[in-house]
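Visitor: There's a structure below that I have some questions on.
The values are calculated or read from the model by the stated rules, or taken from the named source; none is laboratory data. Please read all numbers here as calculations on a predicted model, not as lab measurements. Here the Cβ positions follow ideal geometry from the backbone for every residue, glycine too, while neighbour counts run over all protein chains shown. When the accessible area is computed, the model is the full protein with side chains, heavy atoms only, and any ligands, DNA or RNA have been set aside. Shrake-Rupley method; radii C 1.70, N 1.55, O 1.52, S 1.80 Å.
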Amino acid sequence: MTDQPASLSFFARFWLAWLCFWRCLVSREFAQAVLPTSKAYDAGQLAQLPSGGPAPTPPPRQEEVRPAPRPVELPPEREHASALSLLGMLQREGRFVDFLQENVSAFSDAEVGAAARIVHEGCRKVAQTYLTLERVLPQNEGDAVPVPVGFDAQRIRLTGNVAGQPPYNGVLRHHGWMTTAVKLPTVSPAIDPRVLAPAEVELS
């Protein structure tokens, strides 16, 4: 059985009329909600409207769901432009790519050694200009070094008879290298990073 709403006093009706007046004046949504009741009253059909209980809560507005923008996929030469730029500098200063692409088996040891000296000087210049390199371990090769519990496997690679759990004691065979600073120049979008060295044409 549905409970009948309590009868409103004159002052309660006066206060409600005052509220409805101002709310209809300032709120289009409230006026649209009251309009069906006003029309039903004029048509003598007010009793047919549902009574009692609070007005139904309108469903929440569903915001338009827009798909997230897809990340821009760069071509490989743009994604790795810095690495290609470094390789280009090694070629420019030390003829590094030329040396790698050459079949050195056709040359004598003296000729390979002379070429390697040029490559070494140029590549060393590039590394010292754009990279700051430090040893992973400060000890010299051949020194006894401890390997503690929880050591960084990216910084220390174990060789030989690896058994059990750390700590270990071993002999340093290579101190390792790590980069502590990178000062590579930004690659301009107008430059094709795939070109490591341009072809040289001499005109007569």
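Visitor: May I ask you to give the percent of accessible area on region 111-204 that is carbon plus sulfur, with a probe radius of 1.4 Å?
Guide: 53
Visitor: Find out how many positive minus negative residues lie around Gly88, taking Lys and Arg as positive, Asp and Glu as negative, among other residues whose Cβ is under 15 Å from that of Gly88.
Guide: 0
Visitor: Go through 182-195, 88-101 and give me the packing order, highest mean Cβ count within 10 Å leading.
Guide: Order by mean packing, descending: 88-101, 182-195.
Visitor: Calculate, for region 50-204, the solvent-accessible area per residue in square angstrom, rolling a 1.4 angstrom probe over the heavy atoms of the protein chains.
Guide: Per-residue value: 85 Å².
Visitor: So, R0 is 25 Å and r is the distance between the beta-carbons of Lys125 and Ala181; what FRET efficiency does that work out to, to 0.05?
Guide: It comes out at approximately 0.90.
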